[in-house]
Amino acid sequence: MGAHQDIQQKVVDELYTIFGDSDRPVTFQDTLQMKYLERCIMETLRMYPPVPIISRQIKENVKLASRDLTLPIGATIIIATFKIHRNEDTFPNPEVFNPDNFLPEKSASRHYYAYVPFSAGPRSCVGRKYAMLKLKIILSTILRNFKINSNLSEKDWKLQADIILKRTDGFKLSLEPRKSLAKSAA
Ligand code: HEM
């Protein structure tokens, strides 16, 4: 949000349509209306998946549907979420932060496994819905009260993929109190 002020402004506009100038706490019903903020969160999880790789040891031979190749029993395979999410066949201009990648019509035409920040299948993340809900509550509360500023652009970020993807340079942000959401909304 700090690196994309135009996008932050769109989130603030959406929050104003939901909350007006009220400082009431956020409700579950409110979170259902945060469509643009949800797209921003999904786009963040696309470009910066907190779990950048998933590995599995294969318990039986697996014949790939995509080509004439069989993965042998016992092999360890790596699913590189970070790379899958930056495949330009599925996400045009993959290096550009674009929440509209998750407009319903765009998501509908994409392969089911082209976007897997929470993994997929029976061992996928059990906290997915809770995480999305919590992120909406936390981010909307911060953005209703503060403008997020950053002097760095995305290309300056230094990423490191351990078990969790992180920024080695930390999060260099400043928060500027908003006097009112009404004055902040465009
Ligand atoms: C943005 C936040 C989150 C992301 C991106 C995320 C992502 C993932 C991924 C990719 C996996 C599969 C890992 C693997 O198989 O190697 C996973 C598994 C899991 N996650 Fe999350 N997670 C998030 C938040 C949470 C939260 C908030 C909880 C709990 C409240 C949670 C609980 C779990 C559990 C228990 C598993 C293991 C499921 C299993 O093996 O059957 N996650 N998560």
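The values are calculated or read from the model by the stated rules, or taken from the named source; none is laboratory data. Please read all numbers here as calculations on a predicted model, not as lab measurements. Cβ: placed from backbone, ideal geometry, glycine included. Neighbour counts: every protein chain shown.
Any idea which of (1) under 16 Å from the mean Cα position of the chain (by Cα); (2) under 27 Å from Lys172 (Cα atoms) is the one Ile142 doesn't satisfy?
(1)
Does Pro99 satisfy the condition of being under 21 Å from Asp30 (Cα atoms) and touching a Cys at 6+ places or on another chain (Cβ under 9 Å)?
yes
Here's a check for you: in segment 32-60, which residue that is over 8 Å from the mean Cα position of the chain (by Cα) and β-branched (Val, Ile, Thr) is farthest from the ligand (Cβ to nearest atom)?
Ile58
Any residue in segment 122-145 that's among the β-branched types (Val, Ile, Thr): show its pairings with residues that are part of a loop (DSSP other than H, G, I, E, B) and modelled with pLDDT of 95 or more at Cβ separation under 7 Å, as long as the two are six or more apart or on different chains.
Here the result reads Ile137/Val26; Thr141/Val26, each pair linking segment 122-145 to a residue that is part of a loop (DSSP other than H, G, I, E, B) and modelled with pLDDT of 95 or more.
Suppose the filter is under 25 Å from Arg56 (Cα atoms) and touching a strand residue (DSSP E or B) at 6+ places or on another chain (Cβ under 7 Å); does Leu165 pass it?
For Leu165, the condition - under 25 Å from Arg56 (Cα atoms) and touching a strand residue (DSSP E or B) at 6+ places or on another chain (Cβ under 7 Å) - is met.
Please go through segment 102-114 and give me each residue that is in a helix (DSSP H, G or I), away from the ligand (no atom under 16 Å from the Cβ) and not aliphatic (A, V, I, L, M), ordered by number.
Across segment 102-114, the qualifying residues are Pro104, Glu105, Lys106, Ser107.
Would you list the strands (runs of 3 or more DSSP E) that sit entirely within segment 115-186 and hold 1 or more residues that are away from the ligand (no atom under 16 Å from the Cβ) and over 20 Å from Leu15 (Cα atoms)?
159-161, 174-177
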